[in-house]
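Novice: Please see the structure below; I have some questions.
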Amino acid sequence: MCPSRPRRRVCIVATSAAYRASMPTMTSTVRVGIVGTGFAASAHLDALSRVPGTSVVGILGSTPERTTRAAAGLHVDRAFASLDELLANVDVVHVCTPNDVHAEATLAALEAGVHVLSEKPLGIDAAEAARLASAASSGKPVTGVCFLYRHFPLVQEMRALLAEGGDGPIHLAHGTYLQDWLLRKDDWNWRLDSTRAGASRAMGDIGSHWIDLAQHVTADVVTSVGAQIDRLHDSRIRPPEGARDTFASGTGHGEEVAVDTEDLALVLFRTGSGMRGSVTISQVSAGWKNHLMLEVDAAEASFVWDQEDPNHLRIGRRDGANRDVLRDPQQLGPAAARLAHFPGGHQEGWPDALRNLFDDFYAAVGDGTSDGRTFASFGEAARVQAVVEAVLRSDATGTWIDVDDIVKEVST
């Protein structure tokens, strides 16, 4: 077995002393395996190439052909023949598969004593996510879920400022998560197949990110929801090859098939503290590629962060000038500054946030505990999935749904 991807092992190390102190302390190289071969897998490989002390030893796809093709295309040295073979040769597994395979790969890794970093959602539904959270509840091995928007520097700056409480209690959180890559009838991806992705698509795929971000930033949890969901297309054109890469445009050719998951969701919610909120979720909004926007309103200030303009945080005030906080490590608090790898004015974005998540996770692997880390736990991810389930039930019944009722139901 050869060490993986020597051509991609060059990395830039941040000059921040605070950032260096946060890095994992490893006495030996951590061996990493990737399960999955699509967009998420390629993004994970890119981020891992910048995490010191890790080495990707191999990859596993859904078929031998996909595995071999991905290993060659992504410059991974070993194409594993089975999940058992992969788990026998790694310390950490990254689960980057379609949703219906998450539980199988995750449970096998936990049983083998291998650390797990899973793409979201944790499971295909709230019940499966609850079972996985229970299986990981001992804290050994280390487990985490890729809700990566937590790991932008200015998200952590907003979180720290709100936690200080200087602007008073929070009364409202609102925002959007808009995309357009499934706008047309001939746009297709495995996420449109509910047997592979689960009963929710737009809310489960991207709305879950927004819910996790809002809960993380406000240190609060969604407790009840009133929601409506809708579909722009009740049927779509599935391409002859049966699959298409994430974000790829349709060609107009193929078989028309029924679709039973939502393209958009409108959600009102309440939280444990009594805060109110709303969010609009859509994968059919032309011109928006990945428009996640969160605004949190407190007594004396509002805080606005937009993922498509991630190096700015707007702080608004009724009395006094509004403020534009820049992603400048010299001007940020410690929690945010350690995530900024370059000086102010040198822009960073989505791939850097994923790398920050991995730094945090591998620090926990080095320490043997996730205590004090900011990446999402299995328990937090299971709670988000209960919120997604509540959205579906609210739409189906036309009533507000208590999230804790779902948590209790799926935990029994």
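The values are calculated or read from the model by the stated rules, or taken from the named source; none is laboratory data. All of these numbers come straight from a predicted model, not from anything done at the bench. For neighbour counting, all protein chains shown are included, and Cβ atoms are generated from backbone atoms with ideal geometry for every residue, glycine included. Each accessible area value is taken on the protein alone, full model and side chains, heavy atoms only, with ligands, DNA and RNA left out. Shrake-Rupley method; radii C 1.70, N 1.55, O 1.52, S 1.80 Å.
Novice: Set Lys and Arg Cβ to +1 and Asp and Glu Cβ to -1, take the dipole of the chain about its Cα centre, and tell me which of Val95, Pro239, Ala199 lies farthest positive.
Specialist: So the residue furthest toward the plus end is Val95.
Novice: Show me the three semi-axes of the equivalent ellipsoid for the stretch 266-412, from the C-alpha gyration tensor (sqrt of 5 times each eigenvalue), largest first, rounded to whole Å.
Specialist: Values: eigenvalues 182, 110, 53 Å².
Rounded to whole Å, the semi-axes are 30, 23, 16.
Novice: So how strong a dipole does the chain carry about its Cα centre when Lys and Arg Cβ are +1 and Asp and Glu Cβ are -1, to the nearest 20 debye?
Specialist: 1080
Novice: Under the √(5λ) rule applied to the eigenvalues of the Cα gyration tensor, what semi-axes describe the equivalent ellipsoid of the stretch 54-103? Give them in Å, descending.
Specialist: On the way: eigenvalues 47, 41, 21 Å².
Those come to 15, 14, 10 Å.
Novice: Could you please put Asp77, Asp205 in sequence from largest to smallest accessible area, using a 1.4 Å probe?
Specialist: On the way: Asp77 80, Asp205 25 Å².
Listed by decreasing accessible area, they come as Asp77, Asp205.
Novice: Cross-link partners among aspartates and glutamates for Lys140, C-alpha distance below 14 Å, same-chain residues fewer than 8 apart left out?
Specialist: Partners found: Asp91, Glu111, Asp367, Asp371.
Novice: Percent of accessible area on the chain owned by carbon and sulfur, 1.4 Å probe? Can you show the working numbers first?
Specialist: Details: 8830 of 17200 Å².
Result for the chain: 51 percent of the exposed heavy-atom area is carbon or sulfur.
Novice: Oh, and also: When N is the residue count of the stretch 129-257, what does its C-alpha Rg come to as a fraction of 2.2 N^0.38 Å?
Specialist: Numbers: Rg = 18.8 Å, N = 129, 2.2 N^0.38 = 13.9 Å.
Compared with the compact-globule rule of thumb, the stretch 129-257 sits at 1.35.
Novice: Let me ask something else. Counting each pair of different Cα atoms once, what's the Kirkwood radius of the chain in Å, rounded to one decimal? Walk me through the numbers on the way to the answer.
Specialist: On the way: mean 1/r = 0.0456 Å⁻¹.
So the Kirkwood estimate lands at 21.9 Å.
Novice: Relative contact order for the stretch 206-260 using alpha-carbon pairs under 8 Å, separation at least 6, rounded to a whole percent?
Specialist: On the way: 34 pairs, mean separation 17.7, N = 55.
RCO, the stretch 206-260: 32 percent.
Novice: Can you tell which of Gly250, Gly207, Gly345 shows the greatest fluctuation in a Gaussian network model of the chain with Cα springs below 10 Å?
Specialist: Taking springs between Cα atoms under 10 Å, the residue moving most is Gly345.
Novice: What Kirkwood hydrodynamic radius do you get for the stretch 128-191 when you take the inverse of the mean 1/r over all pairs of distinct Cα atoms, in Å? Please report the intermediate quantities before stating the final value.
Specialist: Values: mean 1/r = 0.0607 Å⁻¹.
Hydrodynamic radius (Kirkwood, Cα pairs) of the stretch 128-191 is 16.5 Å.
Novice: Please report the equivalent ellipsoid semi-axes of the stretch 170-235, computed as sqrt(5 x eigenvalue) of the Cα gyration tensor, largest first, in whole Å.
Specialist: Values: eigenvalues 143, 31, 26 Å².
Here the semi-axes work out to 27, 12, 11 Å.
Novice: Mind giving me the nanometre distance, one decimal, between the label points for Ala248 and Ala72, set 7 Å out from Cα along Cα→Cβ?
Specialist: Result for the modelled spin labels: 1.7 nm.
Novice: Report, in whole Å, the centroid distance computed from the Cα atoms of the stretch 127-205 and the stretch 339-367.
Specialist: Cα centroid to Cα centroid, the span is 18 Å.
Novice: Sticking with the crude label model, points 7 Å out along Cα→Cβ, report the distance from Ala135 to Thr399 in nm, one decimal please.
Specialist: Inter-label distance under the simple model: 3.3 nm.
Novice: Here's another thing I want to ask about it. With every protein chain in place, what's the accessible area of Phe39 (1.4 Å probe, Å², nearest 10)?
Specialist: Around 90 Å² of this residue is reachable by solvent.
Novice: Can you tell me, using C-alpha contacts under 8 Å and at least 6 residues apart, the relative contact order of the chain as a whole percent?
Specialist: Values: 926 pairs, mean separation 88.4, N = 412.
Over the chain, the number comes to 21 percent.
Novice: In what sequence, largest accessible area first, do Asp125, Asp371, Asp167 appear using a 1.4 Å probe?
Specialist: Numbers: Asp125 65, Asp371 125, Asp167 30 Å².
Sorted descending by solvent-accessible area, the residues read Asp371, Asp125, Asp167.
Novice: Under the rule of -39500 (n - 2.57) per DSSP H run of 4 or more residues, summed and divided by the residues of the chain, what mean residue ellipticity at 222 nm is obtained, to the nearest 500 deg cm²/dmol?
Specialist: The helix contribution divided over the chain gives -9000 deg cm²/dmol.
Novice: Then there's this: Please give the per residue accessible area of the chain, computed with a probe of 1.4 Å over protein heavy atoms only, in Å². Kindly include the intermediate steps, with their values, before the conclusion.
Specialist: Values: 17200 Å² over 412 residues.
I get 42 Å² per residue for this part.
Novice: For Val257 and Ala219, FRET efficiency with R0 = 41 Å and r from the beta-carbon atoms, rounded to 0.05?
Specialist: Working: r = 43 Å, r/R0 = 1.05.
With a Förster radius of 41 Å, E is 0.45.
Novice: Now for a different question. Working with all protein chains in place, sort Trp288, Trp181, Trp305 by solvent-accessible area computed with a 1.4 Å probe, largest first. Please list the in-between numbers first.
Specialist: Details: Trp288 100, Trp181 20, Trp305 0 Å².
Ranked from most to least accessible, the order is Trp288, Trp181, Trp305.
Novice: Label the stretch 339-411 by shape, choosing from rounded, prolate and oblate, from the square roots a ≥ b ≥ c of the eigenvalues of the Cα gyration tensor; if a/c is under 1.5 it is rounded, and otherwise prolate applies when a/b is larger than b/c, oblate when it is not.
Specialist: Details: a/c = 4.72, a/b = 1.87, b/c = 2.53.
It comes out oblate by the Cα gyration axes.
Novice: With a 1.4 Å probe and all protein chains kept in place, how much accessible area does Lys140 have, in Å² rounded to the nearest 10?
Specialist: We get 140 Å² for Lys140.
Novice: Let me ask you something else. Say the dipole of the chain comes from +1 at the beta carbon of Lys and Arg and -1 at that of Asp and Glu; which of Asn356, His253, His291 then lies farthest toward its positive end?
Specialist: It is Asn356.
Novice: Given a cut-off of under 8 Å on Cα pairs at least six residues apart, what relative contact order in percent is computed for the stretch 72-156? Display every interim value, and only then the final one.
Specialist: Numbers: 98 pairs, mean separation 20.9, N = 85.
Value for the stretch 72-156: 25 percent.
Novice: Nearest-5 percent of antiparallel DSSP beta bridges in the chain? If you can, show how the numbers build up before the last one.
Specialist: Values: 43 of 68 bridges.
So the antiparallel bridges amount to about 65 percent of the total.
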